[in-house]
Amino acid sequence: MSMLRLDKFLADMGKGTRSEVRRELKKGAATVNGATEKSPERKIDPQKDQIVYRGEPVSYQKYAYYMLHKPAGVVSATEDRREKTVLDLMKGAAGKGLFPVGRLDKDTTGLLLITNDGELAHRLLHPGKHVEKTYLATLAGPVTEEMIEAFAAGVDIGDEKPVLPARLLVRENGAQAQTEITICEGRYHQVKRMAEAVGSRVLALKRLTMGPLRLDEDLPAGSWRPLTREERKALGTED
Ligand code: URA
């Protein structure tokens with residue numbers, strides 16, 4: 001791996017902006033292989049040298065992986081001229097070139113994976129991989145047996161082909177039915193269009209899972225955290 005300036009390495013690992021890091025370095029906040037290093041220009045090998053910053057070891061990670069609890073009212077894009085984006089919520093996150101893996105509608109909440117690992121995104125989004133996504137959906141009810149059967153058979157939502165079979169699980173039936181819907185594709189407005197195709201309507205939508213990832217219910221809407229080692233392992237990303 002090529003050598004990097006110490007200030008760039010620390011900034012890339014999310015320890016602050018380059019200028020913040022430089023100020024801290026001047027105060028003696030970092031050691032390289034046990035010796036205090038005040039020079040931001042010091043060249044280090046991120047995979048070999050041991051860097052400690054503000055008392056904590058900083059290990060090199062090639063890619064960054066975050067779970068965001070997307071709130072309503074933000075768009076799943078990296079930038080937008082008018083709207084607030086999910087990336088606007090990621091202030092302080094390490095990693096260059098972060099992007100959301102897939103899209104949730106502006107009014108949909110819940111699990112969104114944010115990363116800069118393009119290969120992982122490809123694996124999760126590839127139509128042939130059929131990665132399951134489960135949504136907590138409030139539907140204009142009541143939900144009928146026919147609806148459940150229609151979902152299981154594959155609903156025609158007006159595309160060239162009907163959608164693949166999906167699970168519709170009723171948690172609480174009524175005029176505002178609480179359901180869990182599991183789909184294995186990612187078509188545009190898919191759940192909303194499926195609900196409409198069976199004579200219902202989505203009143204609220206929250207994504208709970210994507211493949212092996214499950215939304216951490218301790219994570220308030222609008223906040224994020226790095227994926228745990230177990231979560232990264234479940235996604236098959238190397239450490
Ligand atoms: N299906 C939808 O209709 N909207 C979403 O945001 C996600 C799935």
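The values are calculated or read from the model by the stated rules, or taken from the named source; none is laboratory data. Predicted model only: the values in this text are computed from it and were never measured. A quick note on method: Cβ atoms are made from the backbone with ideal geometry, for glycine too, and the neighbour counts reach across all protein chains shown. Protein only, heavy atoms only, side chains kept; ligands, DNA and RNA dropped before computing areas. Shrake-Rupley method; radii C 1.70, N 1.55, O 1.52, S 1.80 Å.
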Tell me, please, whether a residue that is farther than 30 Å from residue 205 by Cβ and open to solvent by less than 30 Å² (accessible area, probe 1.4 Å) can be found in the stretch 56-78. yes
Out of 236, 211, report the one residue that is within 16 Å of the ligand (Cβ to nearest atom) and closer than 18 Å to residue 121 by Cα. 211
What number of residues within the stretch 102-156 are assigned to a helix (DSSP H, G or I) and closer than 22 Å to residue 86 by Cβ? 8
When restricted to 202, 191, the only residue closer than 26 Å to residue 88 by Cβ, in contact with a Lys or Arg (Cβ under 6 Å, 6 or more places away or on another chain) and outside the structural domain of residue 98 (by TED's automatic domain parsing) is 202
Considering residues of the stretch 85-102 that are free of Cβ contacts under 8 Å to residues at least 60 places away in the same chain and within 16 Å of the ligand (Cβ to nearest atom) only, the residue nearest to residue 191 (Cα to Cα): 100
Breaking point among (1) in contact with a Gly (Cβ under 9 Å, 6 or more places away or on another chain); (2) touching a residue at least 60 places away in the same chain (Cβ under 8 Å), for residue 216: (1)
When you scan the stretch 15-36, how many residues do you find that are open to solvent by 30 Å² or more (accessible area, probe 1.4 Å) and either under 30 Å from the mean Cα position of the chain (by Cα) or touching a residue at least 24 places away in the same chain (Cβ under 8 Å) (or both)? 6
Would you check if there is a residue in the stretch 138-145 being closer than 30 Å to residue 176 by Cβ, within 16 Å of the ligand (Cβ to nearest atom) and touching a helix residue (DSSP H, G or I) at 6+ places or on another chain (Cβ under 7 Å)? yes
With the first residue restricted to the stretch 130-146 and required to be free of Cβ contacts under 8 Å to residues at least 40 places away in the same chain, and the second required to be open to solvent by 30 Å² or more (accessible area, probe 1.4 Å), Cβ contacts under 8 Å at 6 or more apart or on different chains are 142/173; 142/175
Selected residue (criterion: farthest from the ligand (Cβ to nearest atom)) from residues of the stretch 103-120 that are within 23 Å of residue 217 (Cα to Cα) and out of contact with any His (no Cβ under 9 Å at 6 or more places or on another chain): 115
